[in-house]
Amino acid sequence: MNLKEEIKKILELVRLSEKEEKKYFEHFPKIIDFFKKIDELDLKDEKPFFYLEHLKTELRKDNPEEFENKELIFKNSPKFKGNFFITESPIE
């Protein structure tokens, strides 16, 4: 697969407009060239600038609550079956 085909495939997946697509077609080759230059560097003896190991994600406490007015939820949802909402698949 050549570069243009790969770019077109990526742009189809992210669903950009034609105007945005043209912009990316111009920038992608520059980005690829930049990574090729980085790839040529001998970095095996170099240490990373920083580590993210010390960062921890603080999670909020989960406090589930029972919503009493289920009829209101079903009334405002487009599709449901039993107690489940029906949505379109996010995967094509």
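Is it the case that some residue within the stretch 30-39 is among the charged types (D, E, K, R), out of contact with any helix residue (DSSP H, G or I) (no Cβ under 9 Å at 6 or more places or on another chain) and closer than 30 Å to Pro90 by Cα?
No - not one qualifying residue is present in the stretch 30-39.
Could you tell me which residue of the stretch 5-20 is nearest to the chain's Cα centre (by Cα), considering only residues that are charged (D, E, K, R) and under 19 Å from Ile91 (Cα atoms)?
Arg15
Of everything in the stretch 26-57 that's among the acidic types (Asp, Glu) and part of a helix (DSSP H, G or I), which residue is farthest from Ile10 (Cα to Cα)?
Glu40
Scan the stretch 67-76 and give yes if some residue there is in contact with a strand residue (DSSP E or B) (Cβ under 6 Å, 6 or more places away or on another chain), modelled with pLDDT under 80 and not in a loop (DSSP other than H, G, I, E, B), otherwise no.
For the stretch 67-76, residues in contact with a strand residue (DSSP E or B) (Cβ under 6 Å, 6 or more places away or on another chain), modelled with pLDDT under 80 and not in a loop (DSSP other than H, G, I, E, B): present.
Conditions (1) at pLDDT below 80; (2) of a type in the set (Lys, Arg); (3) surrounded by 10 or more Cβ atoms within 10 Å (Cβ to Cβ), marked per residue:
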residue	(1), (2), (3)
Lys36	no, yes, no
Asp39	no, no, no
Phe50	yes, no, no
Leu59	no, no, no
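Starting from the stretch 72-92, keep only residues that are over 24 Å from Leu13 (Cβ atoms), then list their pairs with residues that are among the β-branched types (Val, Ile, Thr) and assigned to a loop (DSSP other than H, G, I, E, B) whose Cβ atoms are within a distance under 9 Å, requiring at least 6 positions of separation or different chains.
Ser77/Ile86; Pro78/Ile86; Pro78/Thr87; Lys79/Ile86; Lys79/Thr87; Phe80/Ile86
The values are calculated or read from the model by the stated rules, or taken from the named source; none is laboratory data. Since we're looking at a predicted model, the values are computed, not measured. Note that each Cβ is placed from the backbone with ideal geometry, even for glycine, and that neighbours are counted across all protein chains shown.
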